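*Asks:* Before anything else, here's the structure in question.
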Amino acid sequence: MAILLISKLPAGSEEISIDNPEYGFKLAISHPINDYFTLSSNSGAISVESKDQRELLYLFSLSMGFSITNNAGWFLEFFSLMPNKHKWQPSIDTGFTYLLGNDLQLDLFAGFGMNDYASDLFAGLGISYNMKY
C-alpha cells in the first residue's frame with residue numbers, strides 16, 4: 001500500500017497539452033499473485049482547471065502487471081475519471097515500465113477512451129521515484 005502524489009505538467013503543442021498544472025494524490029494497493037504477475041488498484045483525486053476554475057476529479061483504476069525481466073515490465077489498465085458535474089470517463093491503456101535503479105522507474109503508455117466523454121487517444125511518459133520513509 002502507498003500514497004502517491006501525482007501531477008501533470010503543461011508540455012507539448014497547444015492542441016494536445018493542458019494549460020495549467022494539475023495535481024492530486026492516489027492511494028495505491030498492489031497484490032502480487034506470483035513472481036511474474038501482480039494485480040493493482042488505486043483511487044484518489046486530482047485538481048484540474050475547467051473553464052477558468054478548479055474542479056476536483058475522482059479517479060480509480062484496476063491493472064495487471066507482468067514482469068518481462070528483472071527491470072522491465074508490461075501492464076494493462078482500466079481506469080476512470082469521475083468529475084463531480086459531468087459523466088464518468090472510462091479508459092484503457094497499456095504500456096511498459098523500466099526500473100532505472102532501486103527507486104527510479106520510467107513508464108511509457110498509450111490508450112484510448114471508452115465513451116464520448118473520455119479522450120479518444122492518449123500517450124505519455126511517466127517517472128516515479130520511491131521515497132523511503
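Quick note: the coordinates plus some simple rules give every number you see, no bench work behind them. The shown structure was predicted, so the numbers you read here are calculated from the model rather than taken from an experiment. Please note: Cβ atoms are built from the backbone with ideal geometry, for glycine as well, and neighbour counts cover all protein chains shown.
*Asks:* As an exercise, identify the chymotrypsin sites (Phe, Trp or Tyr not before Pro) in segment 30-76 lying in DSSP coil whose Cβ has no more than 14 other Cβ atoms within 10 Å.
*Replies:* Numbers: sites: Tyr36, Phe37, Tyr58, Phe60, Phe66, Trp74, Phe75; in loops: Tyr36.
Answer by residue number: Tyr36.
*Asks:* Starting from the Cα-Cα distance between Asn115 and Leu99, subtract it from 0.36 nm times their residue separation and give me the gain in nm to one decimal. Could the numbers behind the result be given before it?
*Replies:* Numbers: separation 16, 0.36 × 16 = 5.76 nm, distance 3.29 nm.
Additional length available on full extension: 2.5 nm.
*Asks:* Moving on to the next point. State the dimensionless ratio Rg/Rh of the chain (Rg: radius of gyration of Cα atoms; Rh: Kirkwood radius). Can you show the working numbers first?
*Replies:* Values: Rg = 15.3 Å, Rh = 15.9 Å.
Result for the chain is an Rg/Rh of 0.96.
*Asks:* While we're on this one: What's the extension gain from Ile33 to Ile127 if we count 0.36 nm per residue and subtract their Cα-Cα distance?
*Replies:* Extending this stretch completely gives an extra 31.4 nm.
*Asks:* Multiply the residue separation of Ser43 and Glu55 by 0.36 nm, subtract the distance between their alpha-carbon atoms, and state the gained length in nm to one decimal. Before the final figure, lay out the partial values.
*Replies:* Numbers: separation 12, 0.36 × 12 = 4.32 nm, distance 1.68 nm.
So the extension gain works out to 2.6 nm.
*Asks:* Please identify every one of the trypsin sites (Lys or Arg not before Pro) in segment 44-87 that sits in a loop by DSSP and has no more than 13 other beta carbons within 10 Å of its own beta carbon. Could the numbers behind the result be given before it?
*Replies:* Working: sites: Lys51, Arg54, Lys85, Lys87; in loops: Lys51, Lys85, Lys87.
Here the trypsin sites (Lys or Arg not before Pro) that fit, given the DSSP loop and packing criteria, are Lys51, Lys85, Lys87.
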